[in-house]
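A.B. asks: Quick one: the structure is below, and I'll ask about it shortly.
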Amino acid sequence: MAGAAQYSDERAREIIAAHMGLEGPALPILHALQAEFGYVPDSAVKEMATALNISRAEMHGVVTFYHDFHSAPHGRHTLKICRAESCQSMGAEKQANDFLARQKLEWHQTTPDGSLTVEPVYCLGLCAHSPAALYDGEPIGQVDAATLDEIVAEAKGE
Amino acid sequence: MTKIYIPLDMAAVAMGADRLAAAVAKEAAARGQQVEIVRNGSRGMLWLEPLIEVETPAGRVGYGPAKVKDVASLFDAGFLTGGAHALSIGVVEEHPWMKRQNRFTFVRCGVIDPLSVADYEAHDGFKGLKRAFEIGSAAIVDEVAKSGLRGRGGAGFPTGIKWKTVADCAPGQKYVVVNADEGDSGTFADRMIMEGDPLSLIEGMTICGYAIGASKGYVYLRSEYPVVAKVFQAAIEKARDAGWLGQNIKGSGFDFDVELRIGAGAYVCGEETSLLESLEGKRGIVRAKPPLPAHVGLFGKPTVVNNVLSMATVPMILEKGAKHYADLGVGRSRGTMPLQIAGNVKFGGLFETDFGIPLGTIVNDIAGGTRTGRPVKAVQVGGPLGAYVPVSLFDLPFDYEAFAAKDSLIGHGGLVVFDDTIDMLWMARFGMEFCAIESCGKCTPCRIGSTRGVETIDKIRNGQDVEKNIELLKDLCHTMKFGSLCALGGFAPYPVESALRHFPEDFRKSALEAAE
Ligand SMILES: Cc1cc2nc3c(=O)[nH]c(=O)nc-3n(C[C@H](O)[C@H](O)[C@H](O)COP(=O)(O)O)c2cc1C
Ligand code: SF4
Ligand code: FES
């Protein structure tokens, strides 16, 4: 994510504390940590385990279970390309593979300059406009090769 | 002041609705025209999005799909008074696709301003809740049961029975949980309701809370729906400000509040017990049943878990009465089903109709056939765990039992259409791969079986011992079907087996090629 803050234990503790009034606060905390730092650092996982009074292994298990959370920084921008059935019915699989080949990337990888991470996603609810994608949270319907290439160019330019 | 509607629906936004709304506002200002732009939900005619509607004395006139480049010409054509233009579809309510529907759950979606409590009330909003407060818990549960409403999340379990189970539990902390995980490919009805008529879901949850004696409700929304999160959070705040949530709702003495929670990209968290684990802050691992969530649910307390559509349909049932709803539909499939038409189709969108409409009518007539213009080969009904249905079964009526009788399911009502270029062996492989990626890992048939399934299909693709490996694949499917703890592993065989059953030639292509 663009503009991610530098990690500090102190800031992580603040974020955790702000959510401790919730029932079952783990997911909201993880989302907040990732929004702030761009990823969920191991040190933050340790802080969470302390605050929630569970083992670090258990906390680690939670973080790794979910596809959304990552333990190392991603690119400054994220492109999620749908590869579920409806999008496949409109040729998404080939389009995505061609795109990855053009960019010399594989799923989950980041461009060498750190500008863009490409992830697969399984349905965005845009299936009447397949194939679909999501760029930094912005939905795109009927995406084509030219649009995908423009996104890379835009991500690199920033 | 002319009222203009431009949807905030994520599908409309994906086709440029935000840019369009900005361009219309700018052009109106430049021309000195007074306009009020309302960001509504979608009417469901998604192939026309973004669809601009203009309020005129004759009704709301639609223009779509409208792009930024069309804005100047729309103004030139006098669209603010319903003027003729190439994009005009006439009065939206009169459009044949709209007129054929029986809108019940979606009656307000796309019509009202989703974030206006006043607009919601002007369209009969909160009438169901008011009646609920009058008739009391037992009568509410009875009404829901009599309506015949079955859960729209996939399994079709009667909603009234679920509510009664929780209502009958000893008083104390209980919860209402709404499953807004909507992970199935080809489904978007939950998303559309939450964007287009979010107060109906809030009203449904409040009715449920009142009926079962719960003061707190959670909505568990998938993270892939960022637009929904924004709209629904705003709707919660509007409802609270207007006194429809919070303490002593409208003087009833009843306290109820709703909290939105965001998932983290795990398909299995749509399974209700896995969802509860996730809400509690744990890994989304499926729980063994019994105990049912109705008895031991969120934080160990009795909990109703319902799909968005099930919950959002309840206010209307209470308002109109159980009989009105029960009179629609066929057999044990009562009421209406919001069909989600997707994939390779001309007219994709949300079409709400009574149960019982033949599959072929949906695909060829309502959806207009394929977008590519090629012949239809298969329709996957009911999401990634649903069967592929061939054209030869197009007379199948859309209802739970008729589909089950053909080893298929209707699930959440999503239909994904494929043309004749699709390779069913590849789709079977994808089904197994999806199961492997999304398995929660608790039981072996699903965790290991899906990975072995991918390997076996790869062998078939490579032409290696094809018949032997097909037998092995069938065997694997059988093990997964009967040995899995939940429907992820248990239903993953449906797409695979149906592909094998209806499209056997696709599994033998490699062998044929080798023989030639
Ligand atoms: C793997 C899996 C995924 C599911 N995903 C969803 C979902 O996204 N939304 C949903 O409402 N139900 C989903 N279900 C069904 C739920 O477990 C549950 O039956 C439903 O939420 C109950 O609500 P209802 O009675 O209103 O249908 C899923 C089930 C399984 C096994
Ligand atoms: S079938 Fe799969 S998803 Fe369901 S409990 Fe077993 S391992 Fe988990
Ligand atoms: S399958 Fe790609 S958006 Fe639904």
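A.B. asks: In Å³ and rounded to a whole number, note down the convex hull volume per residue for the Cα atoms of the range A:92-158.
C.D. replies: Numbers: hull volume 5.5 nm³, N = 67.
With only Cα atoms used, the range A:92-158 gives 82 Å³ per residue.
A.B. asks: Taking H placed 1.01 Å from N in the peptide plane, check which residues at least 5 places from residue B:377 or on another chain put their amide H under 5 Å from its amide H.
C.D. replies: Close amide H contacts, sequence-distant or interchain: B:418, B:419, B:420.
A.B. asks: Evaluate the Debye formula for the range B:1-97 with equal point scatterers sitting on the alpha carbons, no solvent, and hand back log10 of I(q)/I(0) at q = 0.12, 0.19, 0.22 Å⁻¹, in q order, two decimals.
C.D. replies: For the range B:1-97 at q = 0.12, 0.19, 0.22 Å⁻¹, log10 I(q)/I(0) is -0.30, -0.81, -1.12.
A.B. asks: Along the Cα→Cβ direction, 7 angstrom out, place labels at residue A:106 and residue B:478. What is the inter-label distance in nm?
C.D. replies: Using points 7 Å along Cα→Cβ, the separation is 3.6 nm.
A.B. asks: May I ask you to give the average projected area over all directions of the convex hull of the Cα atoms of chain B, in nm² rounded to one decimal?
C.D. replies: Details: hull surface 98.0 nm².
Approximately 24.5 nm², given one-decimal rounding.
A.B. asks: Please give me, ordered by residue number, the trypsin sites (Lys or Arg not before Pro) of the range B:404-492 that lie in loop per DSSP and have at most 15 other Cβ atoms within 10 Å.
C.D. replies: Listed in order of number, the matching sites are B:406.
A.B. asks: May I pose another question? Quick check: with the 1.4 Å probe, what order do A:9, B:365 take by accessible area, largest first? Walk me through the numbers on the way to the answer.
C.D. replies: Details: A:9 60, B:365 80 Å².
Ranked from most to least accessible, the order is B:365, A:9.
A.B. asks: List the residues whose amide H sits under 5 Å from the amide H of residue B:90, counting only those 5 or more places along or on another chain, with H placed 1.01 Å from N in the peptide plane.
C.D. replies: B:62
A.B. asks: Next question. Given labels modelled 7 Å from the Cα in the Cβ direction, how far is it in nm from residue B:93 to residue A:154?
C.D. replies: A separation of 3.8 nm, rounded to one decimal place.
A.B. asks: How much mean residue ellipticity at 222 nm does chain B get from its helices, if each DSSP H run of length 4 or more adds -39500 (n - 2.57) and you divide by all residues, to the nearest 500 deg cm²/dmol? Could you put the intermediate results ahead of the total?
C.D. replies: Details: 22 runs with 213 residues, N = 516.
Value at 222 nm, helices only: -12000 deg cm²/dmol.
A.B. asks: How big is the convex hull of the Cα atoms of the range B:36-187, per residue, in Å³?
C.D. replies: On the way: hull volume 26.1 nm³, N = 152.
Dividing the Cα hull volume of the range B:36-187 by its residues yields 172 Å³.
A.B. asks: Can you give the Kirkwood hydrodynamic radius of the range B:370-501 from its Cα pairs, in Å with one decimal? Walk me through the intermediate numbers first.
C.D. replies: Values: mean 1/r = 0.0666 Å⁻¹.
The answer is 15.0 Å.
A.B. asks: On a 0 to 90° scale, report how tilted helix A:145-157 is relative to the longest principal axis of chain A, with both axes built from alpha carbons and the result rounded to the nearest 10.
C.D. replies: Helix A:145-157 and the main axis of chain A meet at about 50 degrees.
A.B. asks: Can I ask one more? Provide, for q = 0.13, 0.15, 0.17 Å⁻¹, the log10 of I(q)/I(0) from a solvent-free Debye sum over equal Cα point scatterers in the range B:434-516.
C.D. replies: Each listed q corresponds, in turn, to -0.39, -0.51, -0.64.
A.B. asks: Using R₀ = 41 Å, calculate the FRET efficiency as 1/(1 + (r/R₀)^6) where r is the Cβ-Cβ separation of residue B:361 and residue B:240; round to 0.05.
C.D. replies: Values: r = 43 Å, r/R0 = 1.06.
In this case the efficiency is close to 0.40.
A.B. asks: Pairs of alpha-carbon atoms within less than 8 angstrom and 6+ residues apart define the contacts here; what relative contact order does chain B have, in percent? Present the calculation step by step, with values, prior to reporting the outcome.
C.D. replies: Numbers: 1096 pairs, mean separation 68.4, N = 516.
Computed value for chain B: 13 percent relative contact order.
A.B. asks: Just checking the protein assembly as shown: which Cys have no other cysteine's beta-carbon under 4.7 Å?
C.D. replies: A:123, A:127, B:109, B:169, B:208, B:269, B:435, B:440, B:443, B:446, B:477, B:486
A.B. asks: Starting from the range B:51-118, pick out the trypsin sites (Lys or Arg not before Pro) whose DSSP state is loop and whose Cβ has at most 14 other Cβ atoms within 10 Å. Show your work: numbers first, answer last.
C.D. replies: Values: sites: B:60, B:67, B:69, B:99, B:100, B:103, B:108; in loops: B:67, B:100, B:103, B:108.
Those satisfying the criteria are B:67, B:100.
A.B. asks: Once you treat every alpha carbon in the range B:275-407 as an equal point and sum by Debye, what is log10 I(q)/I(0) at q = 0.20 Å⁻¹?
C.D. replies: Per q value, in the given order, log10 I(q)/I(0) is -1.15.
A.B. asks: State, as an integer percentage, the relative contact order of chain A based on alpha-carbon contacts under 8 Å between residues 6 or more apart. Show your work: numbers first, answer last.
C.D. replies: Details: 217 pairs, mean separation 31.4, N = 158.
The normalised contact order for chain A reaches 20 percent.
A.B. asks: Here are some pairs, B:3/B:99; B:130/B:289; B:377/B:406; B:3/B:230; B:406/B:474; which of them have Cα atoms lying more than 26 Å apart in this structure? Can you show the working numbers first?
C.D. replies: Numbers: B:3/B:99 23 Å; B:130/B:289 35 Å; B:377/B:406 17 Å; B:3/B:230 23 Å; B:406/B:474 17 Å.
Going by Cα-Cα distance, B:130/B:289 fall outside the 26 Å limit.
A.B. asks: Let me ask something else. What does the extension gain come out to for residue B:76 and residue B:33, with contour length at 0.36 nm per residue minus their alpha carbon separation? Before the final figure, lay out the partial values.
C.D. replies: On the way: separation 43, 0.36 × 43 = 15.48 nm, distance 1.21 nm.
Here the segment from residue B:76 to residue B:33 would lengthen by 14.3 nm.
A.B. asks: Mind checking Rg over Rh on the range B:79-151, alpha carbons, Kirkwood formula for Rh?
C.D. replies: Numbers: Rg = 17.8 Å, Rh = 15.7 Å.
Ratio of gyration radius to Kirkwood radius: 1.13.
A.B. asks: Based on the Cβ-Cβ distance of residue A:8 and residue B:123, what FRET efficiency does E = 1/(1 + (r/R0)^6) give at R0 = 51 Å, to the nearest 0.05? Provide the component values of the computation, followed by the final result.
C.D. replies: Numbers: r = 50 Å, r/R0 = 0.98.
Taking R0 as 51 Å, the efficiency between residue A:8 and residue B:123 is 0.55.
A.B. asks: How big is D, in µm² s⁻¹, for the protein assembly as shown by Stokes-Einstein at 20 °C and 1.002 mPa s if Rh is the Kirkwood radius over C-alpha pairs? Don't skip to the end; give the middle numbers.
C.D. replies: Details: Rh = 25.8 Å.
Roughly 83 µm²/s, to the nearest whole number.
A.B. asks: What length, rounded to one decimal in nm, is gained on full extension from residue B:391 through to residue B:102, with 0.36 nm per residue of separation minus their alpha-carbon distance?
C.D. replies: Result for the pair: 101.5 nm of gain on full extension.
A.B. asks: Right, another one. In Å, the Kirkwood hydrodynamic radius of chain A over pairs of distinct alpha carbons?
C.D. replies: Kirkwood radius, chain A: 16.9 Å.
The values are calculated or read from the model by the stated rules, or taken from the named source; none is laboratory data. Computed from a prediction, not measured in an experiment: that's the story for all the values here. Note that each Cβ is placed from the backbone with ideal geometry, even for glycine, and that neighbours are counted across all protein chains shown. What goes into the accessible areas is simple: the full protein's heavy atoms, side chains included, and nothing from ligands, DNA or RNA. Shrake-Rupley method; radii C 1.70, N 1.55, O 1.52, S 1.80 Å.
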